[in-house]
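Take a look at the structure set out below.
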Amino acid sequence: MSEPLRFMAPEEQARANFYGLLARLYYSAPDAAFLKALAMADELDAEDETLAARWRELIAAAAATEAEAVREEYDDAFVGTGKAPVTLYVCAYSIRYTNETPLAELRADLASLGLARREQAGEPEDHIAALCDTMRHLIAQQQRPLEEQQRFFERWIRPNYEALCSAIDASERTSFYRHVAHMAKAFFSLEQAAFEML
């Protein structure tokens, strides 16, 4: 019988929510209802002013954006025809040698955490949305110790997030998603700093 979930501190719930939001935004373009909810979100009461500012900018972008435009942007930037202009698969930002097999290592890591890709999932496990959802799961569902969360973050998100966010920011095909990337970079930087203090 599994242990009951412990009470989650507000800051842990907030971390899980951020990872969940990023997972949703990177998985597919937000629809009109999601954009409206995001546009009406409260300002962030955070000590980190950079993250608070990036959050305000994302809310403003959601309020000023039409769902159809965001869908077209997502498809143009991240799907494309043939090779996508910007890839959301983080291993593309870290593979240096042709004999590297990071996906096999990632799958082994996920298996050790009791996780695996659903059969109906069409995306490989190194999609940034999947990695963010894994972090959300480790925090909120499994309530893993911070050291285990840190190990996963350090291996799969930290080495790649700056290059990924920079690629999104530099793309001529992104507008709304530049704000998503700015907020993601600020959040991941804060996570990195917090883990380094452990």
Percent relative contact order for the stretch 131-198, counting Cα pairs under 8 Å at least six residues apart, stands at 29
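Taking only C-alpha pairs under 8 Å that are 6+ residues apart, what is the relative contact order of the stretch 84-196 in percent?
Working: 71 pairs, mean separation 34.4, N = 113.
Once divided by the residue count of the stretch 84-196, the mean separation gives 30 percent.
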Net charge dipole size for the chain [Lys, Arg +1 and Asp, Glu -1 on Cβ; Debye, nearest 20]: 380
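Just the number, please: Stokes-Einstein D of the stretch 67-179 in µm²/s, Kirkwood Rh from C-alpha pairs, 4 °C, 1.567 mPa s.
This corresponds to a translational diffusion coefficient of 84 µm²/s.
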In Hz, Karplus ³J(HN,Hα) per residue of the stretch 11-18 (6.51, -1.76, 1.60; θ = phi - 60°; x = Gly, Pro): 5, 6, 5, 5, 4, 4, 5, 4
Can you compute log10 of I(q)/I(0) for the stretch 1-111 with the Debye formula, treating each Cα as one identical point scatterer, at q = 0.15, 0.18, 0.23 Å⁻¹? -0.94, -1.11, -1.26
If every Lys and Arg gets +1 and every Asp and Glu gets -1 at its Cβ, then about the Cα centre the stretch 65-165 yields a dipole, in debye to the nearest 20, of 440
Would you kindly give the portion of the calculated P(r) for the stretch 47-115 that falls above 15 Å, as a percent of all Cα pairs? 73
Using the per-residue mean of other Cβ atoms lying within 10 Å as a proxy for protection, in what order, highest first, do the peptides 33-44, 65-76 fall? 65-76, 33-44
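When the Kirkwood radius is taken over all Cα pairs of the chain, what Stokes-Einstein diffusion coefficient follows at 4 °C and 1.567 mPa s, in µm²/s?
On the way: Rh = 17.6 Å.
For these conditions, the coefficient is 74 µm²/s.
Run the numbers on the chain and let me know its relative contact order in percent, using alpha-carbon pairs under 8 Å that are six or more apart. Please report the intermediate quantities before stating the final value.
Working: 195 pairs, mean separation 62.7, N = 198.
That works out to 32 percent.
For every other residue with a beta carbon closer than 15 angstrom to the beta carbon of GLY82, add +1 if it is Lys or Arg and -1 if Asp or Glu, then tell me the sum.
On the way: positive: LYS83, ARG173; negative: ASP75, ASP76.
Here the charged neighbours net out to 0.
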Label point distance in nm, ARG71-MET8, each placed 7 Å from Cα along Cα→Cβ: 3.0
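Between GLN142 and ALA163, what is the FRET efficiency for a Förster distance of 25 Å, r being their Cβ-Cβ separation, to the nearest 0.05?
Numbers: r = 28 Å, r/R0 = 1.13.
Once the sixth-power term is evaluated, E becomes 0.35.
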Give the calculated FRET efficiency between ARG56 and LYS83 to the nearest 0.05, with a Förster radius of 30 Å applied to their Cβ-Cβ distance. 0.30
What the Cα atoms of the stretch 121-165 span along the principal axes, largest first and in whole Å, is 27, 25, 13
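All of the numbers you see were taken from the coordinates with simple rules; none came from a lab. None of these values were measured; they are calculated from a predicted model. No Cβ is skipped: glycine too gets one built from the backbone with ideal geometry, and neighbour counts run over all protein chains shown.
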